[in-house]
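The values are calculated or read from the model by the stated rules, or taken from the named source; none is laboratory data. Nothing here was measured: the structure is a model prediction, and the numbers come from that model. Methodologically, a virtual Cβ is constructed for each residue, glycine included, from the backbone with ideal geometry; neighbour enumeration extends over all protein chains shown.
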Amino acid sequence: MWLINTSTLALENFVNPEKESYAILSHTWGPEEVSFQDFHDLDHARTKRGFAKIQRTCEIARQRDLRYAWVDTCSIDKSSSAELSEAINSMFAWYKHAAVCLVYLEDLAHDVAFDTGFVRCKWRTRGWTLQELIAPQFVEFYDQNWTLRTTKIAAKTVLTARTGVSEDVLLDSALLARLPVARRMSWVSHRQTTRIEDMAYCMLGIFQIHMPLIYGEGEKSFVRLQEEIAKQNCDLSLFAWTAARALFLPPFPGVPTSVGGDYEDSNFRGILARYPHEFADCSRLKFRNIVNSYKEFTITNRGLRIEAQLMQLFGAVPDDLVLNLGVCYENSRQVSRLSGDGWMGIYVRKTTNGYLRVWPHELYKSGPHNRVRCPRTVLYIRKDITNYDIALLRAQYTHAVRLDLSDLRTAGATLVQTHPFDLWDAHKQLFLDPGEGVNVYCEINVPVPGTFRPLRLMAACSTMTQPTCVIWTDRDVGWNDVLHFLGQANEITDYVAVDFLVRDLVPTKRSARNESVVEIDSELRVKFSVTLERAKIEDSDGFVLRVVG
């Protein structure tokens, strides 16, 4: 860490400088700033406009009996990528350990009140100045004439109103970890940086994250930041962002005026936000429970991996599945924690390649809706999607197979298993189509009157070439061969080759209708049949596999 000797104006290097041994400057950059190289020639440095800020900072530091000062323009050797990376990753700590932070507001006139003038100051809108406000314990604000106007402690109410940062965090940065990730993200949502990547890098200290700097990666830096946060934090509010409804977005900081090129449909997204401004509506979020029920999750090459119970909605619009994020809004209607209402979540939908987020422009707010918890399962939610993914999504209902067990369910039948599981959408009760048709099967238990042992059915179908379906019961002669074949096929591949099964085991049954007659006892014979019929599924040409008995 390079510190300026406030008496000699010479740069001195420290590995671990003593805490509160230096003053630190917070400002906005302008023309003719003094660089690290410039500062080694003081005569040349004095000819630049930015030198006055450095000189005044050192003067105030000397008045406070501080031997050293730090100014970002000249205290970082930006020609060294290693030193720049270390500085940016250490910046929050450097500001936190300063004896005092001097904020120079070059556009705050001497005759304008701080309360009214601060909102128009450029300093309030810059990304880097957020951590420079939060990290130091003592912050002083100076106007364009270097007149002391106020302090962070004295102006905490105004600062909270103008920046969104809560008063308790302004007074003690150690309280940052108590707030939801999404709420902290909201503080930078309306700020700007010169380089797109810095919109992510300026938040490293806010989340206590260290990561490599890769200038030139553009918006990917913000994705990397979210991935790093996910590695160290189990806070699901990381996914509480909301997207703009329109395809053409307003000119937010660091965002192209149009995002139409790579992302076609605004109703589908991955689990991660693309831009900081998508957290703008999270400024009032809080954890719903005092002790947050953290869920373990990880970011993998398939996206977010989390074991959770989704919520299935009934009679609501939209009626997709919901993932509970464990947060709610501050100052909203008080809801008893025992009521099960008040929490917020995101809408998700099953695809042939895991889940993705739907209706990303809104959050689900739990209320008096009819809903039921789905069985706990491991979910994979895509990190992001492209036009190609959307094309696959639109095609996944073509040749999809909806399972209709309504007739059997009246007799108490239960669905035991479905394969391939990755293609089974339990919410919509159908098998999705990964392309060129599907091969699937399901096992069903049907109660038998007068016995505790249910009758086992196996229904299978293929839509790959000629639509084919077949049904077996555990009373059929070839039942064990069926179980063995299906078990082996499931181990070899996720796609159960029903067409080969039909050809090799039951060649006479290759059709879109099949039946099996079961003799329960000498007086009772039951016929089970399965049909594979064409039907509309989500406005696409699919099939219905109907099992009756």
Ser186 is checked against (1) surrounded by fewer than 23 Cβ atoms within 10 Å (Cβ to Cβ); (2) in contact with a helix residue (DSSP H, G or I) (Cβ under 9 Å, 6 or more places away or on another chain); (3) farther than 16 Å from Ser85 by Cβ and fails just one. What number does that condition carry?
-> (1)
Within the stretch 131-141, is there a residue that is over 24 Å from Arg67 (Cα atoms) and out of contact with any helix residue (DSSP H, G or I) (no Cβ under 7 Å at 6 or more places or on another chain)?
-> no
Among the residues of the stretch 449-466, which ones are surrounded by 15 or more Cβ atoms within 10 Å (Cβ to Cβ) and either among the hydroxyl-bearing types (Ser, Thr, Tyr) or at pLDDT below 85 (or both)?
-> Ser462, Thr463, Met464
When you look at Ala45, is it buried (at least 20 other Cβ atoms within 10 Å of the Cβ), small (Gly, Ala, Ser) and either within 19 Å of Pro136 (Cα to Cα) or at pLDDT below 95 (or both), yes or no?
-> no
Search result, residues across the stretch 418-431 that are part of a strand (DSSP E or B) and either within 15 Å of Cys374 (Cα to Cα) or out of contact with any strand residue (DSSP E or B) (no Cβ under 7 Å at 6 or more places or on another chain) (or both) | Trp424, Asp425
The lone exception for Val165 - which of (1) modelled with pLDDT of 95 or more; (2) closer than 26 Å to Lys383 by Cα it fails | (2)
Hey, any hits in the stretch 398-407 for a residue that's surrounded by 21 or more Cβ atoms within 10 Å (Cβ to Cβ), under 19 Å from Val358 (Cβ atoms), of a type in the set (A, V, I, L, M) and within 27 Å of the chain's Cα centre (by Cα)?
-> no
Lone unmet requirement of (1) under 23 Å from Phe114 (Cα atoms); (2) in contact with a Phe, Trp or Tyr (Cβ under 7 Å, 6 or more places away or on another chain) for Ser186 = (1)
Scan the stretch 234-263 for residues that are touching a helix residue (DSSP H, G or I) at 6+ places or on another chain (Cβ under 7 Å) and modelled with pLDDT of 90 or more and report the count.
-> 7
Could you say which residue among Tyr380, Tyr355 is on the phi < 0 side of the Ramachandran plot, crowded, with 20+ Cβ neighbours inside 10 Å and modelled with pLDDT of 85 or more?
-> Tyr355
